[in-house]
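The values are calculated or read from the model by the stated rules, or taken from the named source; none is laboratory data. Note that this is a predicted model, so its numbers are computed, not measured. Because the Cβ atoms are built from the backbone with ideal geometry, glycine has one as well, and the counts that use them run over all protein chains shown. To get the accessible areas, we keep the full protein, side chains included, count just its heavy atoms, and leave off ligands, DNA and RNA. Shrake-Rupley method; radii C 1.70, N 1.55, O 1.52, S 1.80 Å.
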Amino acid sequence: MSSPHASTPRQITEPARRIDVVHETDVLVVGSGPGGLGAALGAARAGARTTLLERFGCFGGNITAVGVESFAWYRHEETVDSVGIGSEIEARARAEGATSDESQSTSQAFDAERFKVVADKLVEENGIHPMLHRSFVAPILEDGVLRGVVTESKSGREAILARRVVDATGDADVAARSGAPFHRTPKEETLSASVMFSMTGVNKRAFIDAIKADPPRYRDWAGNFEWDIETDGKEDDLFSPFLRKPFKQAVEAGVIPPNLITMAGTYGTVADTGDLTYLNLIHLAELDGTDADDLTRGEMEGRRQAMQAIEALRGFMPGCENATLRNFGMTLGIRDTRKIDALYNLTADDVRGEARFEDSIGIFPEFIDGYGVLVLPTTGRYFQVPYRALVPRAVEGLIVAGRSIGGDKISHAAVRSMMCCTVSGQGAGVAAAVSIREDAGFADLDVRKVQAELRRQGVRLD
């Protein structure tokens, strides 16, 4: 039987319609994850009227909608880390009681729910116009220049006009639909998607005692898992909050099926209240994060596997005997989709070789997590993020922030980190504001003026 997608689908003609322009702005940021928040804050502080568009009911993206609470879990004593909006966000969240000490690093683990309020405050305090519950539908293009976007929501179709647009969707949705060239990893090689969840009712003392009795290490990530891990060696004996044995025992006992032998992963924090948070245990391979059917399958399969993971932990992890599900993330965690073909595309050599660029918009430590490579920044090494990696070819008026900036697979395994997304985000937002002030396109912009504003905002560039 042929696949329903194998033949050309039936088509209808959508009637032409007139769409109300509901808002006009200088800089429109589409997507409010770490990259989008960084872009909106950077643009607003550079003096631009800024609007932040988000499809969900909260700002924060991966932090709040997905529930990825380990913002900078790579950070160790010798790490030379980014300085800018990312570090500010972490400090602000801590000051407002929205974090706790992260279990494997010197960073802070976010409380995803409390951070929703922190993000609201950041948006309001910086005079950013918020537009929640609106999904990007289509670009508004005039002679190859992006003039704004069309959205869909409970309010119907609406148009938002902007002098510059920042694509912070994570999937390069605006860039792709505007005709900017992009590439993507073959589906069979794509980084897996995850359903994040948390549990409650955990006996903290019993759980921690079990971890201390047989502390897991980063070397445990390798073998009998979904990929082989290449490290620099220096990571192997460091502590990692990694759980695998309970799931292996559950398979052997017939509690979960044999095909879930790859079930394993990390936890975030264990609270005195009995909450075990940010369980990153479910890995859904060969899932296209830009295909709604794949996303539907992933959401349902991920939740099914999460419930099986809870049964395994209840049966085979001390302290979890009476634990239950607390919550799922609002949506799947997608790691890998489109990457733009930028004016410069980062390479593995760049992120592993401490690359330096004249058009630096910030630094990021030598941290790589993906495609079978794990490198932790424990020796002070770092690379610079170049402005050109944010600028897509072929479309004027558009700049990109977050994990879809230009680069190859291994560079993507670095820049997809939430902290690095704030680096590219702040750079993109500032560039958008400066390009308006200078009346220059992104490809022709004097990056020295962008760098001057970034330094004024406290960003470390070198």
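Structure notes:
- Most to least accessible of VAL80, VAL423 (protein chains only, probe 1.4 Å): VAL80, VAL423
- In this calculation the C-beta distance from MET307 to GLU252 is compared with R0 = 25 Å, giving a FRET efficiency of 0.85.
- Each principal axis of the Cα atoms in the range 312-407 has its own extent, and those three values, largest first, are 56, 35, 21 angstrom.
- Per-pair calculated FRET efficiency, R0 = 56 Å: ALA16 and ALA285 via Cβ, rounded to 0.05: 0.85
- With protein chains left intact and a 1.4 Å probe, residues in the range 82-151 average 44 Å² of accessible area per residue.
- Computed from label points 7 Å out along Cα-Cβ, the spacing between GLU96 and THR200 is 2.2 nm.
- Of [x] 32, 25, 24; [y] 43, 26, 20; [z] 36, 26, 21, the label for semi-axes √(5λ) of the Cα gyration tensor in Å derived from the coordinates: [z]
- Dipole magnitude of the chain, debye to nearest 20 (Cβ charges: Lys/Arg +1, Asp/Glu -1, about Cα centre): 760
- With a cut-off of 13 Å between beta carbons, the residues surrounding LEU445 carry a summed charge of -2, where Lys and Arg count +1 and Asp and Glu -1.
- The range 1-83 - percent of accessible surface contributed by carbon and sulfur, probe 1.4 Å: 49
- Relative contact order computed over the chain (Cα-Cα under 8 Å; 6+ residues apart), in percent: 23
- In straight-distance terms, cross-link reach from LYS121 covers every one of the lysines whose alpha-carbon lies under 27 Å from its own, apart from those fewer than eight places away in the same chain; here that gives LYS154.
- Length gained on full extension, LEU238 to ALA452: 73.2 nm, using 0.36 nm per residue less the C-alpha separation.
- Straight-distance crosslink candidates among lysines, where the alpha carbon sits under 26 Å from LYS245 and sequence neighbours closer than 8 are dropped: LYS204, LYS212, LYS234
- On Cα atoms only, tilt of 418-438 relative to the major axis of the chain in degrees: 10
- Simple spin-label estimate for GLU124 and ASP214 gives 4.9 nm between the two label positions (7 Å along the Cα-to-Cβ direction from each Cα).
- Computed from label points 7 Å out along Cα-Cβ, the spacing between HIS133 and GLU189 is 4.3 nm.
- Counting protein heavy atoms only, the range 283-418 has 48 percent of its accessible area on carbon and sulfur, 1.4 angstrom probe.
- Solvent accessible area, Å² - TYR387, 1.4 Å probe, full protein context: 10
- For the range 1-123, share of DSSP beta bridges that run antiparallel, in % to the nearest 5: 50
- Segment ASP293..VAL83, full-extension length gain: 71.7 nm, with 0.36 nm per residue of separation and the alpha-carbon distance subtracted.
- For the chain, calculated [θ]222 nm from helices alone, where every DSSP H run of n ≥ 4 adds -39500 (n - 2.57): -8500 deg cm²/dmol
- Sorting ASP209, ASP350 on solvent-accessible area from highest to lowest, probe radius 1.4 Å, gives ASP209, ASP350.
- 0 to 90° range, to nearest 10: angle between helix 34-45 axis and the chain longest Cα axis: 40
- Gyration tensor verdict on the range 366-462 (Cα atoms; rounded if a/c is under 1.5, prolate if a/b is larger than b/c, oblate otherwise): oblate
- Counting charges near THR169 (Lys, Arg +1; Asp, Glu -1) among other residues having Cβ under 13 Å from its Cβ returns a value of +2.
- Cα long-axis angle, helix 204-213 against the chain (0 to 90 degrees, to the nearest 10): 80
- Of all lysines in the structure, the ones whose alpha carbon falls short of 20 Å from that of LYS187, not counting any fewer than 8 places away in one chain, are LYS339, LYS409.
- Taking the DSSP bridge list for the chain and keeping only pairs wholly inside it, about 65 percent are antiparallel.
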